[in-house]
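Quick notes on the structure that follows.
The values are calculated or read from the model by the stated rules, or taken from the named source; none is laboratory data. Predicted model, so just to flag it, every value in this text is computed and none were measured. In this analysis, Cβ positions are derived from the backbone assuming ideal geometry, glycine residues included, and neighbour counts consider all displayed protein chains.
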Amino acid sequence: MIRLLQIEDLKQAADIAALAYPGMLIQSDEKKKEFIERLATEQKEDNGIEFFGCFDEQGELLGIFRVNDFECNINGKFQRIFGIGMVAVHLLHKKEKVAFQLLSYFHNYARQENVALVSLYPFNPSFYRKMGYGYGPLRYEFKFKPGEMIADGNKSKVKFLTPSDEDAIVSLYNEYAQNNHGMLKRTWKEKEYIKTRKTYYVGVEEENCLVGALAFTLDPVKDSHFLHQHMIIHEWIWSNPSAYKQLASWVSSQQDQVDRVIFRTNDQSFVYSLFNPLNDSNHVIPSVYHEVATTGSGIMYRITNIESFVNGTNFNGLGRPQENTQVLLEIEDSFITEQHGLYKLSYSREQWEIQKVEKTHEQVDITIGIHDLSSWWMGSVTLESLYNYGEAKVHQLDPKMLDEWFKPRNGPICFTAF
């Protein structure tokens, strides 16, 4: 049985989490008590967070997960999506399909709530890919000398921000989210981080309005002396180029105190804002490509209701066919089996409509797995690339033309950890 966790369940939940995620450092009684208090607070607040557990017939907790209720920018329009996190299974009940039950319940819950898209950060990408999750954007970790930033802005207006600036930071962040596909609106937990000063914030104002903000910490360099430190940029948002330039100049001015700046971003074009983007690896990729960033695959997406996704997004802001058009898709989904099958996408009067159909003698235009469909329709990959690698089959139609109709022009970006 799967249900919402109650206060009396949180001790068991903490025990499972402590063993599943030893890096959380909640093994001691004191830390576990703090963790239980955190779960209790998050469960009772009106914050879009819910904790669920899977119980056996004797009431023993076998596994847990957290549902995050988000608003996500999809092609310029905010849509409700779910994110699943803290998926953990009791150490004595591995290989008993507990994770399968947890994910099945999560997907059904999303469908009941008419949530067409879900997301997660995987402990193992291949495990979730088998459950229909497609890869999201790559993240690049740059590690550069502060003086290598192109610093031609005026840093004199940069100032420290405080928790009293929370509303201004949130407003700027949500404005940034409105302009960037894939971004999530500011969450309750992120607002709590501002209140509790989890990081330092600096910002820039124009006409008494916050137009740029940067969250950072200063971390000692491992195995070095106390004067040796890196700057970790956790978040960098701006509403105009001038605000970016001012903050970049401020970062550059820290070169007397900071050895390297570590900045993680989904935007590979950040390299063009640096005089010298090389990191400290001294690694050269043949023939002569100097390492400038390390790259990771993180957030993954899954469409849980194909019809709702099409009806909710209508592929806003993308290219349109010049005449009434039909596209026949064969979608493979072995986890949400009711989604497996044929779909007819029809375009007429500026509107895309989709209908699931029974077997047909018509030629299928696209055959694709739900994992790759999710990545494609979220803009993480082109259909042309999937076709060229043999991961999608396309007949009669031009993959480039289909990308113009269905793939967001820019890939998704996401700052939110969950």
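So here's what we get for this one:
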read-out	value
Selection within segment 71-116 - hydrophobic (A, V, I, L, M, F, W, C), within 18 Å of residue 417 (Cβ to Cβ) and out of contact with any Ser or Thr (no Cβ under 7 Å at 6 or more places or on another chain)	72, 82, 84, 86, 87, 88
Those residues of segment 83-105 which are among the small types (Gly, Ala, Ser) and over 10 Å from residue 63 (Cβ atoms), in sequence order	83, 85, 104
Wholly within segment 338-408, helices (runs of 4 or more DSSP H) carrying at least 2 residues that are within 21 Å of the chain's Cα centre (by Cα) and surrounded by 13 or more Cβ atoms within 10 Å (Cβ to Cβ)	370-377
Residue check for residue 168: assigned by TED's automatic domain parsing to the domain that holds residue 232 and modelled with pLDDT under 95	no
Some residue of segment 6-24 being part of a strand (DSSP E or B), at pLDDT 95 or above and either over 30 Å from residue 311 (Cβ atoms) or not aromatic (Phe, Trp, Tyr) (or both)	no
Candidates 380, 385, 375, filtered to the one that is of a type in the set (Gly, Ala, Ser) and free of Cβ contacts under 8 Å to residues at least 60 places away in the same chain	385
Residue ranges of strands (runs of 3 or more DSSP E) in segment 96-211 with at least 3 members in contact with a Pro (Cβ under 8 Å, 6 or more places away or on another chain)	none
Pairs, first closer than 14 Å to residue 91 by Cβ and assigned by TED's automatic domain parsing to the domain that holds residue 43 in segment 9-30, second exposed (fewer than 15 other Cβ atoms within 10 Å of the Cβ) and of a type in the set (Asp, Glu), C-beta under 8 Å, six or more apart	12/60
Any pair with Cβ under 6 angstrom, 6 or more apart, that starts in segment 42-59 at a residue that is in contact (Cβ under 8 Å) with a residue 40 or more places away in the chain and outside the structural domain of residue 187 (by TED's automatic domain parsing) and ends at one that is surrounded by fewer than 19 Cβ atoms within 10 Å (Cβ to Cβ) and part of a loop (DSSP other than H, G, I, E, B)	55/1
Residue match in segment 218-228 (condition: surrounded by 14 or more Cβ atoms within 10 Å (Cβ to Cβ) and modelled with pLDDT of 95 or more)	no
Failed item, numbered, when residue 51 is tested on (1) in a strand (DSSP E or B); (2) out of contact with any Leu (no Cβ under 7 Å at 6 or more places or on another chain)	(2)
